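The values are calculated or read from the model by the stated rules, or taken from the named source; none is laboratory data. Keep in mind it's a predicted model, so treat the numbers as computed, not measured. Positions of Cβ are generated from backbone atoms using ideal geometry, with glycine treated the same way; all protein chains shown enter the neighbour counts. The protein model used for the area step is the full one, side chains on, heavy atoms only, and it has no ligands, DNA or RNA in it. Shrake-Rupley method; radii C 1.70, N 1.55, O 1.52, S 1.80 Å.
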Amino acid sequence: PRRPAGHGMSGGLADWGAAYRNAEYRVRLPAGELVLRVAQYREAEERRLRQECGVERHWAVVTPCNPGSRILGGEANQRRLQELAAILRSRHVRHHEAVNCDPGGRWPDEPGYLLCDPLPGFAEELGRLFAQNAILAGELGKAPELVWLG
């Protein structure tokens with residue numbers, strides 16, 4: 001998620017940190033939704049990443065929506081999401097549908113994908129391609145963290 005509207009933030013990346021840290025990064029899996037959060041390691045979530053997603057080492061959540069914290073219309077975001085999906089398929093990256101959510105409901109949900117064991121730097125490359133401020137990344141055995149792309 002991006003900076004929530006109406007919070008009087010000046011717009012700098014540091015100001016958006018709280019919004020990103022408080023977001024829920026929800027992964028859609030056949031056995032039910034998996035919720036990931038910044039700086040929160042949970043064994044149960046890691047077990048699901050291993051068992052249901054096949055993650056062996058690391059993962060990332062990338063959205064193409066609302067670049068540079070500017071809300072786009074639904075059609076524009078949908079086109080960007082389709083473009084990201086096509087890139088993931090063409091590069092044979094295992095992925096699952098995800099959505100970045102503001103639990104306070106002040107910012108629209110941002111669909112994207114959980115990338116399973118992407119090549120080093122690839123998730124960041126995608127984030128930059130789609131003009132994102134940050135992505136969520138994780139390594140097994142550690143808490144997920146934000147990777148700022150600015």
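Relative to the longest principal axis of the Cα atoms of the chain, the long axis of helix 74-90 lies at roughly 30 degrees.
When the residues 16, 148 are ordered by accessible surface, computed with a 1.4 Å probe over the protein chains alone, the sequence from largest down reads 148, 16. Modelled spin labels at residue 56 and residue 131, positioned 7 Å past Cα toward Cβ, are 3.7 nm from each other. The alpha carbons of the chain give a radius of gyration and a Dmax of 14.4, 42 Å, in that order. A 1.4 Å probe run over the chain, with the rest of the protein chains in place, finds 51 Å² accessible per residue. Diffusion coefficient of the range 74-150 by Stokes-Einstein, Kirkwood radius over Cα pairs, 20 °C, 1.002 mPa s: 159 µm²/s.
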